Amino acid sequence: MDPASAPTSLSEQSQRFASATQATLAGVLPGNHVIVSRQAETTHRFIVQPENRAKIPLLVAGDHLADLEVSFFLDLDRTGTWLKVVRSDFSVHSVLTRTPLLRLEYRSDMNSAPISHWQVHAERGALSHLLARAHEHNPRLVSKPHDLSSLHLPVGGERFRPCLEDVLQFVVHDCGVDSLAGWEQVVTEGRESWRRLQLRSSIRDLQVDAAAELESLGWTVIPPSSVPEDHAEPFRTW
């Protein structure tokens with residue numbers, strides 16, 4: 001998935017992001033998945049998600065066994081120039097119980113849990129035993145020892161978090177849901193595009209570090225007249 005490649009308005013970049021997301025889903029999962037961009041009702045941000053907030057069916061041998069929910073909340077970055085995902089939600093739900101099986105959530109302003117994290121709705125006796133003992137010792141910190149979905153598993157923070165393509169490969173490769181011919185190439189190319197975008201964001205955050213590394217590799221780097229201060233927050237937060 002290749003969100004925005006050039007700085008334009010938030011509306012235009014969000015529409016391109018929606019089109020790229022739709023193309024990714026169309027190349028991986030069976031069915032017609034219409035992804036739209038719309039402005040949020042209470043803010044200037046845009047939301048990219050399936051039309052009418054529809055769930056995306058996940059099939060196994062043609063049987064509808066689970067659903068994938070996808071949504072992105074978009075804004076411009078701190079410079080007011082580049083597209084920034086400020087929130088994303090990916091979740092897989094069982095059609096039998098209509099409850100989540102797992103969720104991958106990202107919030108750029110999260111302060112009570114890892115900014116990007118998995119939550120798994122499952123049970124494991126050994127882990128529950130550990131949490132129960134921890135609850136006895138510190139019930140404020142471990143408040144739900146028998147609910148493993150209360151755990152937030154950190155996965156790389158703002159810059160190095162998983163992308164939609166990672167989730168799609170997981171449900172196809174590990175969960176065995178039906179896919180389309182050529183899905184591997186779609187996922188691989190989309191993942192590379194996402195990570196290149198994250199690399200460029202990281203370079204804008206830490207320009208002195210980026211220049212120093214290029215110089216160590218033999219590049220000649222000419223600094224601008226004014227070098228911005230490091231934006232290290234994405235590399236410090238949990």
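The mean sequence separation of alpha-carbon pairs under 8 Å and at least six residues apart, normalised by the residue count of the range 1-85, gives a relative contact order of 26 percent.
With neighbours defined as other Cβ atoms within 10 Å of a residue's Cβ, the residues 144, 84, 55 order from fewest to most as 144, 55, 84. Computed over the chain with a Gaussian network model linking Cα atoms closer than 10 Å, the most mobile of 142, 227, 70 is 227. Derived scalar couplings between HN and Hα for the range 17-22 equal 4, 4, 5, 5, 5, 4 Hz in order, rounded to whole Hz, by the Karplus curve 6.51 cos²θ - 1.76 cosθ + 1.60 (θ = phi - 60°), x for Gly and Pro.
Assuming charge only on the beta carbon of Lys and Arg (+1) and of Asp and Glu (-1), the dipole of the range 133-207 about its Cα centre is about 460 debye to the nearest 20. Calculated from the alpha-carbon coordinates, the range 91-171 shows an Rg and a Dmax of 14.2, 40 Å respectively. With θ taken as phi - 60° and the Karplus curve 6.51 cos²θ - 1.76 cosθ + 1.60 applied, the whole-hertz 3J(HN,Hα) list for the range 90-103 is 10, 8, 10, 10, 6, 7, 6, 10, 6, 10, x, 9, 7, 9 Hz, x standing for glycine and proline. Computed over Cα pairs, the Kirkwood radius of the range 22-67 leads via Stokes-Einstein (0.890 mPa s, 25 °C) to a diffusion coefficient of 204 µm² per second. In the chain, Cα pairs under 8 Å separated by at least six residues give a relative contact order of 17 percent. With the alpha-carbon atoms of the chain aligned to their principal axes, the span from lowest to highest coordinate is 59, 50, 41 Å, starting with the largest.
Over all directions, the projected convex hull of the C-alpha atoms in the range 101-238 averages 12.4 nm² in area.
Among 24, 99, 237, the order by Cβ neighbours within 10 angstrom, fewest to most, reads 99, 237, 24. The 3J(HN,Hα) values that the Karplus relation (6.51, -1.76, 1.60; θ = phi - 60°) gives for the range 191-205 are, in residue order, 5, 4, 4, 4, 5, 5, 5, 5, 4, 5, 4, 5, 5, 5, 5 Hz. Gly and Pro appear as x. Proximity of backbone amide H atoms, modeled 1.01 Å from N, is registered between residue 121 and 102, 103 at under 5 Å, excluding neighbours fewer than 5 places apart on the same chain.
Amide H to amide H distances under 5 Å link residue 86 with 73, 74, 75, where only residues 5 or more positions off or on other chains count and H is placed in the peptide plane. Working from Cα pairs under 8 Å separated by at least six residues, relative contact order for the range 56-179 is 20 percent.
Ranking of 194, 183, 238 by neighbouring Cβ atoms within 10 Å, starting from the fewest: 238, 183, 194. A cut-off of 5 Å between modelled amide H atoms, ignoring neighbours fewer than 5 places along the same chain, links residue 142 with no other residue. Treating r as the C-beta distance of residue 38 and residue 81 and R0 as 35 Å, the FRET efficiency rounds to 0.95.
Readers should treat all values here as calculations from the given coordinates under stated rules, not as data from a laboratory. Predicted model only: the values in this text are computed from it and were never measured. Counting neighbours? That spans all protein chains shown, and the Cβs are built from the backbone with ideal geometry, glycine included.
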